[in-house]
Protein chains: 2
Amino acid sequence: MVASSDREDQLKRDRATRNFVTAEDVARLAGVSRSAVSRTFTPGASVSADVRHRVQEAARTLGYRVNRLARSLISDQSNLVGVVGANLSMPFMARQLDELSRALLKRGLQCLLLNAAEAEQGVAPLIELILEFRVRAIVVMSGSPPSSIIDECMANGVRVILVNRQDTDTEADTIISDDLGGARIAAERLLQAGCRRIGVVGSGARTPTQIRRRVAFTDCIEEAGIKPAVWASGETAYETGMAAAKGLLGSHDLDGVFCVTDLLALGFLDGAHGTGRRIPEDLSVIGFDDIPQSAWAPYRLTTVRQSMSDLTGSVLATIEREMHGKAISLVHEVLPVELVERATVRSST
Amino acid sequence: MVASSDREDQLKRDRATRNFVTAEDVARLAGVSRSAVSRTFTPGASVSADVRHRVQEAARTLGYRVNRLARSLISDQSNLVGVVGANLSMPFMARQLDELSRALLKRGLQCLLLNAAEAEQGVAPLIELILEFRVRAIVVMSGSPPSSIIDECMANGVRVILVNRQDTDTEADTIISDDLGGARIAAERLLQAGCRRIGVVGSGARTPTQIRRRVAFTDCIEEAGIKPAVWASGETAYETGMAAAKGLLGSHDLDGVFCVTDLLALGFLDGAHGTGRRIPEDLSVIGFDDIPQSAWAPYRLTTVRQSMSDLTGSVLATIEREMHGKAISLVHEVLPVELVERATVRSST
DNA sequence: GCAAGCTTTGCACACGTGTGCAAAGCTCCC
DNA sequence: GGGAGCTTTGCACACGTGTGCAAAGCTTGC
């Protein structure tokens with residue numbers, strides 16, 4: 001016991017100049033080769049039960065953890081997946097990241113998160129940085145990467161998956177919810193409710209999702225011979241929805257409004273309450289996303305739901321197909337959306 | 001041009017069996033040694049302007065990105081920081097992750113996010129996994145790691161920083177908001193408002209933060225000779241707050257309630273509205289956290305704010321001190337909180 | 001006991017980078 | 001032109017792991 005303790009102390013001193021225990025340290029304590037240590041920690045590799053036991057004991061004693069960086073060097077790839085997102089505290093985005101990071105871990109993948117909140121030069125520099133970690137894939141939840149950086153990713157065998165952003169001139173995979181279909185659902189629902197003086201609330205953000213929803217809704221309403229009033233300035237935030245209510249309802253006698261996100265809609269509802277209008281009797285309001293707060297008692301927002309689990313499932317499926325060497329062509333997936341009827345839109349006329 | 005194009009094509013084929021461009025590829029195209037390539041991409045290393053230019057041109061042509069995994073192998077450390085969190089879509093946690101990931105990136109650190117939502121064996125296995133990536137530090141926002149894994153981290157030179165969780169028997173750094181002081185503020189504010197029939201709403205979660213707030217508040221109220229009614233079941237969610245309102249207000253005629261989180265308080269407020277009580281005339285409600293939704297028009301919740309930027313700042317400061325080799329003793333930091341007066345607590349009696 | 005076949009082992013190399021150091025190269029001054 | 005001093009360069013090694021392969025070891029059947 002004394003000799004054993006002295007040996008362990010000596011081994012620990014031997015690596016004092018570096019922090020982490022190496023396979024070499026374990027091999028010395030276990031009295032085997034470094035190769036045996038490696039084989040013990042490599043599933044399916046050949047090692048005798050006796051050696052395996054001695055190695056595991058030594059590893060436990062020393063607190064050895066395989067160095068994934070070194071391991072990844074051999075395969076030229078890590079199990080990292082880069083995830084680029086901004087506005088991570090906004091309800092919809094927070095939910096998306098929650099579910100995606102959960103699903104990645106479940107599949108043995110690790111999430112390298114890059115917050116694009118202050119990406120003044122766009123997301124390209126972030127993607128360049130991610131590439132240096134030899135990730136398997138990159139999921140872009142915010143920002144629109146230029147095609148040059150996407151081409152570079154593809155050249156390096158790294159899939160880029162755009163979530164809810166669609167740029168038709170890139171080589172990236174895209175997985176989006178059916179914004180056009182959702183906007184049509186919203187338009188039809190308002191028309192069905194008898195609304196004829198209609199508004200649409202967006203924000204100052206020039207994101208593809210918001211523009212797509214606003215334009216599609218506007219087109220549908222104009223097909224019915226109505227020219228909707230438009231609000232499109234400010235941040236994509238609750239406060240903007242409230243400002244839109246005061247702005248639009250001060251100058252228009254609207255009876256139906258579509259907000260391109262639920263967060264805008266919740267602010268709009270609170271602003272509309274301040275003008276004395278009754279919801280939905282005087283004014284119907286419909287949103288898009290179905291964030292948790294939309295179901296809260298003061299709101300009970302009627303909205304178009306995009307399924308977070310469908311989105312996440314598609315992202316993971318795309319990554320896994322690539323991982324299993326099944327070369328696939330670009331994925332362009334449009335996920336269905338559905339109407340969630342609550343209390344902010346009148347029943348049929 | 002033709003010869004140059006042929007040479008580039010040949011170089012690309014040479015590495016066809018691996019995805020990423022290496023420094024060796026760049027060196028061949030630029031006609032220099034691989035060492036020159038390395039020096040070109042190492043700040044402060046000696047390389048002539050001519051060689052530097054040729055290397056950079058070749059790197060751009062081939063799309064070369066330094067392999068951070070290999071680079072980290074030399075230093076036995078990456079610039080990764082492990083972040084462990086659960087309930088990432090809850091407003092408070094989402095905000096914390098948003099700010100932390102933003103600040104890490106700003107400091108040249110990368111966020112390795114591990115979602116602990118389904119960590120049935122606690123967070124220790126996640127921390128073990130993180131250690132394999134040779135991270136610089138680990139920030140734990142959810143879960144209570146056992147001291148054994150924390151000791152292992154320390155032995156490997158990895159700081160573990162617990163945020164808003166305090167276990168006095170561990171070697172981890174802890175950065176928490178002043179839950180005791182905040183609970184005292186809430187208690188005093190309700191007493192000052194003249195409340196004498198007081199309740200406290202927690203959840204079924206046995207997290208240190210919630211227990212601490214509930215117990216501290218209860219102690220303060222009992223010092224005033226009042227025995228508060230307690231609710232402590234269900235998830236830490238809006239719906240639990242609503243259930244607590246129905247449960248407590250159905251059996252108690254309360255005039256003041258402290259909810260240990262804002263999310264519980266918002267649900268409680270909506271549940272209280274359903275019982276016909278006026279806020280704050282009949283019933284004062286105070287929360288803890290100051291999430292964005294607390295300022296929304298239907299709520300305007302009076303609450304105790306913990307400063308997210310202070311929390312994040314302390315975490316980053318701790319990581320950076322460690323990075324700069326300034327060996328410091330354990331950090332135990334308690335950040336001040338403050339009362340945010342809105343509309344849910346009566347004025348003074 | 002011996003041969004055949006299977007399992008296990010350690011050596012030496014690879015992976016992609018940074019760096020110490022000796023040698024080569026360059027610049028400046030006398 | 002030569003010497004001194006500075007800059008630059010490429011070689012060879014390190015970092016920590018996985019693996020091909022030849023050699024060693026083990027097991028089974030005759």
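Every number in this text was worked out from the coordinates using simple rules, so none of it is lab data. Source: prediction; values computed, not measured. Because the Cβ atoms are built from the backbone with ideal geometry, glycine has one as well, and the counts that use them run over all protein chains shown.
A few remarks follow.
- In Å, descending, principal axis extents of the Cα set of region A:43-153: 56, 32, 22
- Taking other residues whose beta carbon is less than 14 angstrom from the beta carbon of residue A:125, and scoring Lys, Arg as +1 and Asp, Glu as -1, yields -3.
- Counting only the Cα atoms, region B:101-258 fills a convex hull of 136 Å³ per residue.
- Per-selection Rg to Rh, chain B - Cα, Kirkwood hydrodynamic radius: 1.16
- Reducing region B:162-237 and region B:78-154 to their Cα centroids gives an inter-centroid distance of 25 Å.
- Taken residue by residue and averaged, Cβ atoms of other chains lying within 10 Å of the Cβ of A:288-298 number 4.
- The GluC sites (Glu not before Pro) of region B:109-153 that meet both conditions, a loop assignment by DSSP and at most 12 other Cβ atoms within 10 Å of the site Cβ, are B:120.
- With label points set 7 Å from Cα along Cα→Cβ, the inter-copy distances at residue B:35 are 3.1 nm, sorted shortest first.
- Peptide B:76-89 is shielded by partner chain Cβ atoms: per residue, an average of 4 of them sit within 10 Å of its Cβ.
- Formal net charge of residues neighbouring residue A:204 (Cβ-Cβ distance under 15 Å; K, R +1; D, E -1): +1
- Region B:179-306 - Kirkwood radius from inverse mean 1/r over Cα pairs (Å): 13.8
- Each copy carries residue A:219; placing its label point 7 Å along the C-beta direction from Cα gives inter-copy distances of 6.4 nm, listed from smallest up.
- With the cut-off at under 14 Å, measuring from each backbone N in region B:162-199 to a point 7 Å along the Cα-to-Cβ line of residue B:317 picks out B:174-177.
- Taking all Cα-Cα distances within region B:190-237, those exceeding 15 Å account for 44%.
- Over the residues of the protein assembly as shown, the helix contribution to mean residue ellipticity at 222 nm works out to -14000 deg cm²/dmol, using -39500 (n - 2.57) for each DSSP H run of at least 4.
- A Cα-only calculation for region A:240-282 places Rg and Dmax at 9.1, 23 Å.
- For region B:56-92, the residues whose amide N sits under 15 Å from a probe point set 7 Å from the Cα of residue B:42 along the beta carbon direction are B:66-68, B:70-76.
- On the principal axes of its alpha-carbon atoms, the protein assembly as shown has extents of 76, 72, 49 Å, going from largest to smallest.
- Residue B:49 paired with residue B:333, simple spin-label distance in nm, labels 7 Å along Cα-to-beta-carbon: 4.5
- J(HN,Hα) series, region A:216-223, from Karplus relation 6.51 cos²θ - 1.76 cosθ + 1.60, nearest Hz, glycine and proline x: 5, 4, 4, 4, 4, 5, 5, 4
- For region A:118-135, Karplus couplings with θ = phi - 60° (6.51, -1.76, 1.60), whole Hz, Gly/Pro x: 10, 7, 5, 9, x, 8, 4, x, 5, 5, 4, 4, 4, 4, 5, 8, 6, 5
- Stretching residue A:61 away from residue A:246 to a fully extended chain increases their span by 59.9 nm, per 0.36 nm per residue minus the current alpha-carbon distance.
- Cβ-vector label at 7 Å, residue A:317, separations to other copies in nm: 4.9
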